[in-house]
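The structure appears right after this line, and notes come after that.
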Amino acid sequence: MPVDVVFLEPSFPRNQREFARALHAVGARVTGIGERPKDYLDDDMREWLTHYEQVSNVTSVAQVEQAVRRIQSRVRVDRLEATVEAHVMCAAKVREACGIPGTSVQTTFLCRDKPAMKDVLREVGVPCAQSIGSDDPAQIEDFAKRVGFPVIVKPRDAAGAAATYRCDDLASLHAALAEVGVQSGHSVAVEEFIEGHEGFWDTLTIGGTVVHEFICHYYPTVLEAMRARWISPQFICTNEVDTVPSYAEVKKMGREVIGALGVDTSATHMEWFFGPKGLKFSEIACRPPGVGAWDLYGIANDVDIYREWAEAVVWRTHKQRLSRRFSTGIIALRPDRDGRVLSYEGVAEIERAFGEWIIDAHLPPEGTPTQPVSGGYMANAWLRMKHPNYHELRRMLDVVGETIRVHAG
């Protein structure tokens, strides 16, 4: 019997099409709900989708629910899936309203609201930074004085380092609270600053059981990387997941988090820190990672990870085995100033030295407007590489960062 899956926003961002492709490839009948007109769909998407519904806002519960109910008048909807952070809560609410199985509103809330997430995890013994959620400047100031500076201020449902501030004293705390609108009644997450190395642990989980897992390392931490232009930040997916004993603690903590938050069948993306205070949980999202991380996982392990996700959500199974053949990574190459790209330096040298290990690169042509440093790893130029040895890959990416220069003006 065919399985009918509704997928939110199949065309944007661009890698969304891979989820639609994979759902079709494993035998699902796929209906897309998106903001673009049907005429926007290319030939491949028209083949992958059985039906398409346009709405003006895919984060509007009312609009998406109306579209889903129209679909349900024709077929039984077995799954409703969303893989973008901004879409997941809408999808969860529509699932519950329309009687469709999948990640619950409660689990989605806990995987988005940082203070509530940490409250639940502390109760089961997961080590977390001290934190509060508050819209009261006096309460926030008292918290900061109690735990000590620095503290981190960010939206309760932020993704990555978006709108995240490190506050080293009362003056910077007051400035951050004004910036995020606490004085206007906005509630924010405020956390103890955790010093140390930052990484992430990602999974594909079926029925609460992890069937695939990946560990990546940031160099440097995300907050630092998104604030300093001179840094060429990188993250690396290691192929030593199953051979380095110290990773056992990360994997154990991650499974405890998934169980405590009630994650059933989903991709997950969990950030962690390790430093003087030991291993600390940072946050988790009930969705795949962004910034092309899944493409790196597929290349590193000789799998179609999108198809594995589709097998999980459609049939609650998995079919491929991870090879751990390569470590893979990306390095962001920042323009030396804002403006427009003028030229590149050192690209040919890197191609001669490491050509066989380069996966791909994005080098915007001359004249392209630059994007802010805070835009992330793929906002401007970038290069991705692979190598069988994690440490050699890290060395090569360091050389890339030291060699390639992006001149702007």
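General remarks:
- Unit charges on C-beta of K, R, D, E only; dipole of the chain, Debye: 680
- Pairwise label distance in nanometres, D39 with V210, each label 7 Å out on the Cα-Cβ vector: 4.9
- Alpha carbon centroid spacing (whole Å) that separates the stretch 168-190 from the stretch 337-409: 35
- Phi to ³J(HN,Hα) by Karplus 6.51 cos²θ - 1.76 cosθ + 1.60 over the stretch 392-407, Hz, x for Gly, Pro: 5, 4, 4, 4, 5, 5, 4, 4, 4, x, 7, 9, 7, 10, 10, 9
- Per the Debye calculation on the stretch 130-192 with a single equal scatterer at every Cα and no solvent contribution, log₁₀ I(q)/I(0) for q = 0.12, 0.17, 0.27 Å⁻¹ amounts to -0.22, -0.45, -1.24.
- HN-Hα J in Hz across the stretch 307-312 - Karplus 6.51, -1.76, 1.60, θ = phi - 60°, x for Gly and Pro: 5, 4, 4, 5, 4, 5
- Highest-fluctuation residue, H387, H186, H24 considered, GNM on the chain with Cα pairs under 10 Å: H186
- Amide hydrogen neighbours beyond the local backbone of T368, cut-off 5 Å, H modeled: V341
- Magnitude of the charge dipole for the stretch 4-102, about its Cα centre and with charges confined to Cβ atoms of Lys, Arg (+1) and Asp, Glu (-1), is about 280 debye.
- Least to most buried among E85, E65 (fewest other Cβ within 10 Å first): E65, E85
- Footprinting exposure proxy for D43, D202, D113 (fewest neighbouring C-beta atoms within 10 Å first): D43, D113, D202
- In the chain, taking the dipole from charged Cβ atoms about the Cα centre, the farthest positive-side position among H269, P335, L363 is held by H269.
- Packing-based exposure ordering (other Cβ within 10 Å, fewest first) of M378, M253: M378, M253
- Here K252 and K319 are evaluated by their C-beta separation; at R0 = 30 Å the FRET efficiency comes out at 0.70.
- Largest first, the extents of the alpha carbon coordinates of the stretch 110-263 on the three principal axes equal 47, 39, 23 Å.
- For the chain, the mean residue ellipticity at 222 nm estimated from helices alone is -10000 deg cm²/dmol, where every DSSP H run of n ≥ 4 contributes -39500 (n - 2.57) and the total is divided by all residues, rounded to the nearest 500.
- Cα-derived Rg over Rh, computed across the chain with Rh taken as Kirkwood radius: 0.96
- Convex hull of the stretch 311-409 built on C-alpha atoms - directionally averaged projected area, nm²: 8.3
- Restriction of the trypsin sites (Lys or Arg not before Pro) in the stretch 249-349 to DSSP coil positions whose beta-carbon has at most 15 other beta-carbons within 10 angstrom yields K277, R316, K319, R321, R325, R337.
- Scaled against the 2.2 N^0.38 Å expected of a compact globular protein of N residues, the Cα radius of gyration of the stretch 220-275 reads 1.43.
- Shown for the chain: lysine pairs separated by 8 or more places, or found on different chains, whose C-alpha atoms are under 15 Å apart, numbering 6.
- The stretch between H186 and R76, if pulled fully straight at 0.36 nm per residue, gains 35.6 nm over its current Cα-Cα span.
- Within the stretch 81-217: Cβ-based charge dipole about Cα centre, in debye rounded to nearest 20 (Lys, Arg +1; Asp, Glu -1): 260
All of the numbers you see were taken from the coordinates with simple rules; none came from a lab. For clarity, every value in this text was computed on a predicted model and none was experimentally measured. No Cβ is skipped: glycine too gets one built from the backbone with ideal geometry, and neighbour counts run over all protein chains shown.
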